[in-house]
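*Asks:* If you scroll down you'll find the structure; I have some questions about it.
The values are calculated or read from the model by the stated rules, or taken from the named source; none is laboratory data. Keep in mind the model is a prediction, meaning the values are calculated, not measured. No Cβ is skipped: glycine too gets one built from the backbone with ideal geometry, and neighbour counts run over all protein chains shown.
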Amino acid sequence: MLISLSRDRVGRRVSGVGYRASGIGHRASSHRKGHCSALFSTVAMAIFPIRTYPDPILRMTPGPVAHIDDDVRRLVDDMFETMYEAPGVGLAAPQVGIALEVIVCDIGDGPFHLINPVMEETSGSWTYEEGCLSIPDRYWPIERSAHARVRGLDVEGRRVMYEGDELMGRVLQHEMDHLEGTLLLKRLPRRARKEALRQMRQEELARGEL
Ligand code: ZN
């Protein structure tokens, strides 16, 4: 997920978005940009190309991770690297061409990830300008629940839970959408969605004609 930086600079409150994490799998600093994970400190991390609309993988429903092994841990590390490089605040595995239920996020309070996440609860309502790394350079005001709680596993197979309001709740909902093959375009009101698709098609045609 992307957030509109220009909007944040003019007063949108991004810091101070509270969230709670449970479980002991929250490796607070190991995924910071420029620092290799402790798990792969001797292996260079890789940056994936990010799949963009209308790549069909973005509409697929990925499957759960059957076994958390070194390949999955490597995937999580590479997804973090890709997300920070973009830069974005959240990334789901289908966005890098991997049809697995894995998400990574960092809204500025530290990195966290979830494997086979399940949305447990949402509540309230909040409209916020939102973007997606798979639909570059576009932002729309999108209404979502204000609060979300998600449970899943970490790279050690431990149960973890993340929840929060505002931006935290939003990034959780946005990334969970990716695991259901849903892009944020679907969250737009019908008319706005039609207009967005029309503009994107026009731009695609214009690029093709150059
Ligand atoms: Zn996205």
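*Asks:* Any residue in the range 105-126 that is in contact with a His (Cβ under 9 Å, 6 or more places away or on another chain), at pLDDT 95 or above and within 12 Å of the ligand (Cβ to nearest atom)?
*Replies:* For the range 105-126, residues in contact with a His (Cβ under 9 Å, 6 or more places away or on another chain), at pLDDT 95 or above and within 12 Å of the ligand (Cβ to nearest atom): present.
*Asks:* Scan 170, 198, 187 and give me the residue that is of a type outside the set (Asp, Glu) and over 25 Å from residue 86 (Cα atoms).
*Replies:* Residue meeting the stated conditions: 198.
*Asks:* Checking the structure you have, find out if any residue of the range 133-152 is at pLDDT below 95, within 16 Å of the chain's Cα centre (by Cα) and among the acidic types (Asp, Glu).
*Replies:* The answer is yes, given that some residue of the range 133-152 is at pLDDT below 95, within 16 Å of the chain's Cα centre (by Cα) and among the acidic types (Asp, Glu).
*Asks:* Now for a different question. Might you let me know whether the range 81-90 holds any residue that is free of Cβ contacts under 8 Å to residues at least 60 places away in the same chain, under 13 Å from residue 173 (Cα atoms) and either in contact with a strand residue (DSSP E or B) (Cβ under 7 Å, 6 or more places away or on another chain) or away from the ligand (no atom under 14 Å from the Cβ) (or both)?
*Replies:* Looking through the range 81-90, none of the residues is free of Cβ contacts under 8 Å to residues at least 60 places away in the same chain, under 13 Å from residue 173 (Cα atoms) and either in contact with a strand residue (DSSP E or B) (Cβ under 7 Å, 6 or more places away or on another chain) or away from the ligand (no atom under 14 Å from the Cβ) (or both).
*Asks:* Then there is this: Quick test of your reading of the structure: residue 176 fulfils all but one of (1) at positive phi; (2) within 14 Å of the ligand (Cβ to nearest atom). Name the failing condition by number.
*Replies:* Single failed check for residue 176: (1).
*Asks:* Now, a different point. Any idea how many residues of the range 127-166 are more than 16 Å from the ligand (Cβ to nearest atom) and closer than 19 Å to residue 98 by Cβ?
*Replies:* Here the count works out to 5.
*Asks:* Six or more apart or on different chains, Cβ atoms under 8 Å: show the pairs whose first residue is in the range 185-208 and on the phi < 0 side of the Ramachandran plot and whose second is surrounded by fewer than 14 Cβ atoms within 10 Å (Cβ to Cβ) and assigned to a helix (DSSP H, G or I).
*Replies:* 193/186
*Asks:* Please count how many residues of the range 57-68 are over 15 Å from residue 132 (Cβ atoms) and either part of a loop (DSSP other than H, G, I, E, B) or hydrophobic (A, V, I, L, M, F, W, C) (or both).
*Replies:* The total comes to 8.
*Asks:* Right, another one. Kindly indicate whether residue 172 is touching a strand residue (DSSP E or B) at 6+ places or on another chain (Cβ under 6 Å), surrounded by 14 or more Cβ atoms within 10 Å (Cβ to Cβ) and touching a residue at least 60 places away in the same chain (Cβ under 8 Å).
*Replies:* yes
*Asks:* Same structure, new question: What are the pairs with Cβ atoms under 6 angstrom where one residue, in the range 126-144, is in contact (Cβ under 8 Å) with a residue 40 or more places away in the chain and the other, located anywhere, is more than 12 Å from the ligand (Cβ to nearest atom) and aliphatic (A, V, I, L, M)? Sequence gap at least six, or different chains.
*Replies:* 126/146; 140/188
*Asks:* To continue, here is another question. Taking residue 196, is it closer than 24 Å to residue 63 by Cβ, within 16 Å of the ligand (Cβ to nearest atom) and in contact with a helix residue (DSSP H, G or I) (Cβ under 8 Å, 6 or more places away or on another chain)?
*Replies:* No; evaluated as a whole, the condition is false for this residue.
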